[in-house]
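Please see the structure below; I have some questions.
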Amino acid sequence: MDEERPLLRMRGIVKQFPGVRALDGVDLEVRAGEVHCLLGQNGAGKSTLIKILSGAQEPDAGEILLDGEAVRLTTPTAAMARGIATIYQELDLVDGLSVADNIFLGHELASLGFSRRSQAHRATAGLMERLGHGEIRPGTEVGRLAPAHKQIVSMARALSHEARLIIMDEPSAALAHDEVANLFRVIRDLTSHGVAVVYISHRMEEIREIGDRVTVLKDGRTVAVGLPARETSTSAIVALMTGRNVEYVFPPRPESSAGQAGGDGGDDRAEVLRVENLSVPGRCHDISFSVRAGEIVGLAGLVGSGRSEIIEAIYGARRASGRVVLDGRQVRLGSTSRAVRLGMGLAPEERKAQALLLDESVGRNITLASLGRYSRGGWLDRRKEAAEAQRLVEALGIRPPDPRRAIRTLSGGNQQKAVIGRWLVEGRRLLLLDEPTRGVDVGARAELYALVRRMADEGVGVLLVSSEVPEVLGLADRVLVIREGRMVHQAAAGELDEHRVLDLVMVSAAPSDHSGSGAPAEDAPASATPAEDASTEEAPAQAADSDTPAADAAEPAAPTAPSSSDSSEDSSTDSAADSADPDSDPSPRSRQ
């Protein structure tokens with residue numbers, strides 16, 4: 001690394017938005033060939049700083065120097081031309097295009113005005129091999145890839161520009177443990193060739209493993225510059241970010257749930273959810289379990305193991321077979337609107353594509369699932385809606401506390417608070433949480449943990465998916481371990497530790513404990529391999545509604561898949577709007 005002159009130097013960067021000063025004199029210095037970690041709470045200014053560096057926004061004051069030369073990055077194209085590539089936390093890929101088309105979008109390989117597809121496919125294959133994912137084919141449509149593989153495509157696109165500086169915003173958020181190791185291998189390869197990496201993550205163990213130096217932001221200001229990543233303690237970094245010295249703060253479990261190992265014996269709480277022999281073709285097989293009132297049940301497993309598909313099938317957003325019973329009433333699979341009416345709420349994995357109306361206000365996104373509460377004779381009482389939105393914004397600690405603000409302007413953590421807060425307006429019997437703290441800072445995590453536990457204490461059943469094993473073990477009362485689409489173990493969270501869970505999910509040849517599960521993992525069909533499971537998304541279901549009593553319900557009819565012609569913009573809007581319209585179903589992940 002060049003110790004004399006940094007590759008990038010940002011001095012006194014200021015950015016003002018109406019009502020908020022997002023950046024107030026921020027400094028950042030990055031050397032060639034280093035991994036420079038940028039840390040801070042959601043709302044600290046990291047996203048705004050990235051947008052300025054990537055050319056998406058211009059600073060109101062301050063200067064940017066590359067190799068000692070002052071530059072103006074007025075557009076993303078200008079930043080790319082200077083060798084700056086950005087991989088955003090919310091991936092900006094085009095689902096309807098192929099992998100190769102996405103990688104070379106905007107700088108297509110062409111000769112005499114004709115695109116050279118074969119050359120682009122060869123180059124794409126080479127990039128995928130370099131990234132350790134040769135199984136991702138250049139001609140595959142990106143919309144059919146799992147989130148982890150979309151992340152790889154986004155990385156390949158950055159590499160295709162021959163970047164000198166790559167900004168990675170939460171690059172490991174959608175990756176499993178083995179994928180993170182591969183990501184670090186790629187980063188080390190890049191830095192060994194002089195490429196600088198600005199790495200943003202809330203996972204302190206990653207900072208320690210991959211980082212060289214650390215800059216910390218708080219409330220739009222730089223509070224620490226150039227800290228040694230491996231020598232600086234976690235408590236010191238967290239204290240700089242939040243004023244606290246702990247990374248995870250889990251609320252205590254109630255005594256009634258702390259010792260319950262199974263879902264049935266010894267627990268007299270009412271059963272909220274029962275799932276029997278739930279299967280999603282190519283995703284999960286014969287899943288059976290229950291969730292009781294006030295219980296938080298966590299699903300642990302690798303990315304692509306079928307955890308998210310289980311939640312989506314229960315919510316009615318995936319083609320599935322089996323039996324789902326909510327409060328003693330069997331729910332016909334395939335109807336999300338019926339699930340909402342019966343008392344389910346979902347905070348999906350990809351909040352921007354699946355949960356939010358980005359151009360609407362924070363308040364409207366919160367009240368979206370319960371507009372009927374504020375209407376009289378078919379007319380919406382906007383004053384009543386606004387008052388409720390203001391109350392929830394303050395209760396949830398959303399920053400800035402303005403329900404009229406467009407939700408797209410909020411940080412990821414504050415957006416996630418709004419998604420969960422949507423289900424606080426009306427009573428829910430079951431809350432489904434898919435990666436609820438992805439991209440959320442350590443301070444906001446504690447607030448979200450307390451919010452989820454409070455809902456459980458009020459009698460709501462919670463089903464939780466998280467890629468962070470400590471989070472599952474710390475927040476859940478009971479843990480179900482999912483491997484290759486099957487449940488291989490369940491136990492009280494206090495009876496497990498991180499090493500035991502990782503052994504269960506990563507050693508596919510290990511014997512299975514089938515407590516509460518269906519058929520053993522060894523009987524999984526040969527076609528349900530992890531590679532296939534992670535690379536494509538099963539088409540969702542759209543079936544007839546039903547909530548007939550469990551004893552009288554007929555076997556659910558096979559639903560039909562929706563048209564693939566729906567636009568991604570329309571589907572994201574429909575996804576959020578379904579909660580307000582009881583006769584329309586939201587779009588699941590495969591239709592982002």
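Is one or more of the residues making up region 377-394 more than 30 Å from Val275 (Cα to Cα), touching a residue at least 40 places away in the same chain (Cβ under 8 Å) and not basic (Lys, Arg)?
No: zero hits.
With farther than 23 Å from Ser308 by Cβ, over 24 Å from the mean Cα position of the chain (by Cα) and open to solvent by 40 Å² or more (accessible area, probe 1.4 Å) as the only criterion, which of Gly459, Gly427 stands out? Before you say what the answer is, go through the steps one by one.
Details: Gly459 fails: open to solvent by 40 Å² or more (accessible area, probe 1.4 Å).
Being farther than 23 Å from Ser308 by Cβ, over 24 Å from the mean Cα position of the chain (by Cα) and open to solvent by 40 Å² or more (accessible area, probe 1.4 Å) holds for just one of Gly459, Gly427, which is Gly427.
Considering region 170-200 alone, what residues qualify as being of a type in the set (Ser, Thr, Tyr), surrounded by fewer than 21 Cβ atoms within 10 Å (Cβ to Cβ) and closer than 19 Å to Leu28 by Cβ?
The answer is Thr191, and nothing else.
Spot the failing condition for Pro348; the list is (1) open to solvent by less than 20 Å² (accessible area, probe 1.4 Å); (2) more than 19 Å from Arg422 (Cβ to Cβ), and only one is missed.
With (1) open to solvent by less than 20 Å² (accessible area, probe 1.4 Å); (2) more than 19 Å from Arg422 (Cβ to Cβ) applied to Pro348, the lone miss is (2).
Contact list please: Cβ distance under 9 Å, first residue in region 431-456 and assigned to a helix (DSSP H, G or I), second residue of a type in the set (Asp, Glu), pairs at least six apart or on different chains.
Qualifying pairs under 9 Å: Val442/Glu247; Arg445/Glu247; Arg445/Glu471; Tyr449/Glu471; Ala456/Glu295; Ala456/Asp477.
Can you tell me which condition Arg122 does not meet? The list is (1) of a type outside the set (Ser, Thr, Tyr); (2) open to solvent by 70 Å² or more (accessible area, probe 1.4 Å); (3) not in a helix (DSSP H, G or I), and all the others hold.
Just one mismatch for Arg122, condition (3).
Conditions (1) among the hydrophobic types (A, V, I, L, M, F, W, C); (2) touching a Gly at 6+ places or on another chain (Cβ under 7 Å); (3) in a helix (DSSP H, G or I), marked per residue:
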{"position": "Ala163", "(1), (2), (3)": "yes, yes, no"}
{"position": "Ile167", "(1), (2), (3)": "yes, no, no"}
{"position": "Ala173", "(1), (2), (3)": "yes, yes, no"}
{"position": "Phe184", "(1), (2), (3)": "yes, no, yes"}
{"position": "Asp189", "(1), (2), (3)": "no, no, yes"}
{"position": "Val197", "(1), (2), (3)": "yes, no, no"}
{"position": "Glu205", "(1), (2), (3)": "no, no, yes"}
{"position": "Glu209", "(1), (2), (3)": "no, no, yes"}
{"position": "Val216", "(1), (2), (3)": "yes, yes, no"}
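Could you check how many residues of region 472-505 are acidic (Asp, Glu) and modelled with pLDDT of 90 or more?
2
From the list Ala353, Ala389, which one is hydrophobic (A, V, I, L, M, F, W, C) and open to solvent by 10 Å² or more (accessible area, probe 1.4 Å)? Even if it seems obvious, please write down each step before you answer.
Working: Ala389 fails: open to solvent by 10 Å² or more (accessible area, probe 1.4 Å).
Just a single option satisfies the conditions, and that option is Ala353.
Mind telling me which of the residues Val325, Val340 ends up being over 20 Å from the mean Cα position of the chain (by Cα), among the β-branched types (Val, Ile, Thr) and buried (at least 24 other Cβ atoms within 10 Å of the Cβ)?
From the options Val325, Val340, the qualifying one is Val340.
Just to be sure I understand, how many residues within region 358-367 are of a type in the set (A, V, I, L, M) and open to solvent by 10 Å² or more (accessible area, probe 1.4 Å)?
Selection size over region 358-367: 1.
Taking region 241-281 only, how many residues are at pLDDT 80 or above and small (Gly, Ala, Ser)?
Qualifying residue count for the region: 2.
If you don't mind, another one. Can you tell me which residues in region 124-143 are of a type in the set (Gly, Ala, Ser), touching a helix residue (DSSP H, G or I) at 6+ places or on another chain (Cβ under 7 Å) and either under 12 Å from Ser160 (Cβ atoms) or without any contact (Cβ under 8 Å) to a residue 40 or more places away in the chain (or both)?
Gly134 - this is the single residue of region 124-143 that is of a type in the set (Gly, Ala, Ser), touching a helix residue (DSSP H, G or I) at 6+ places or on another chain (Cβ under 7 Å) and either under 12 Å from Ser160 (Cβ atoms) or without any contact (Cβ under 8 Å) to a residue 40 or more places away in the chain (or both).
I'd like to verify a number: residues in region 351-374 that are in contact with a Ser or Thr (Cβ under 7 Å, 6 or more places away or on another chain) and among the aliphatic types (A, V, I, L, M), how many?
5
Checking the condition under 18 Å from Val198 (Cβ atoms) and assigned to a helix (DSSP H, G or I), which residue from Leu91, Leu159 passes?
Details: Leu91 fails: assigned to a helix (DSSP H, G or I).
Unique residue meeting the criteria: Leu159.
A follow-up question, please. Can you name the number of the only condition in (1) open to solvent by 60 Å² or more (accessible area, probe 1.4 Å); (2) out of contact with any Asp or Glu (no Cβ under 6 Å at 6 or more places or on another chain) that Gly132 fails?
Of (1) open to solvent by 60 Å² or more (accessible area, probe 1.4 Å); (2) out of contact with any Asp or Glu (no Cβ under 6 Å at 6 or more places or on another chain), only one is false for Gly132: (1).
Also, quick follow-up: Regarding region 82-93, can at least one residue be identified that is surrounded by 17 or more Cβ atoms within 10 Å (Cβ to Cβ), modelled with pLDDT of 90 or more, touching a Gly at 6+ places or on another chain (Cβ under 8 Å) and under 19 Å from Val30 (Cβ atoms)?
yes
Please go through region 153-169 and pick out each residue that is within 25 Å of Pro470 (Cβ to Cβ) and either aromatic (Phe, Trp, Tyr) or open to solvent by less than 10 Å² (accessible area, probe 1.4 Å) (or both).
Matches in region 153-169: Met168 only.
Here's another thing I want to ask about it. Those residues that are closer than 26 Å to Ser411 by Cα and in contact with a Pro (Cβ under 6 Å, 6 or more places away or on another chain), I need them from region 318-355; list them, please.
Hits for region 318-355 are Ala347, Gln354, Ala355.
Please work out if Ile64 is under 24 Å from Ser172 (Cα atoms) and either open to solvent by less than 30 Å² (accessible area, probe 1.4 Å) or touching a Lys or Arg at 6+ places or on another chain (Cβ under 9 Å) (or both).
no
Report, by residue number, each residue of region 395-411 that is open to solvent by 60 Å² or more (accessible area, probe 1.4 Å), at pLDDT below 90 and not in a loop (DSSP other than H, G, I, E, B).
If the condition is that a residue be open to solvent by 60 Å² or more (accessible area, probe 1.4 Å), at pLDDT below 90 and not in a loop (DSSP other than H, G, I, E, B), then Ala395, Thr409 are the ones that fit.
The values are calculated or read from the model by the stated rules, or taken from the named source; none is laboratory data. Computed from a predicted model, the values in this text were never measured in an experiment. Cβ sites come from the backbone with ideal geometry, for glycine too, and all protein chains shown count toward neighbours. What goes into the accessible areas is simple: the full protein's heavy atoms, side chains included, and nothing from ligands, DNA or RNA. Shrake-Rupley method; radii C 1.70, N 1.55, O 1.52, S 1.80 Å.
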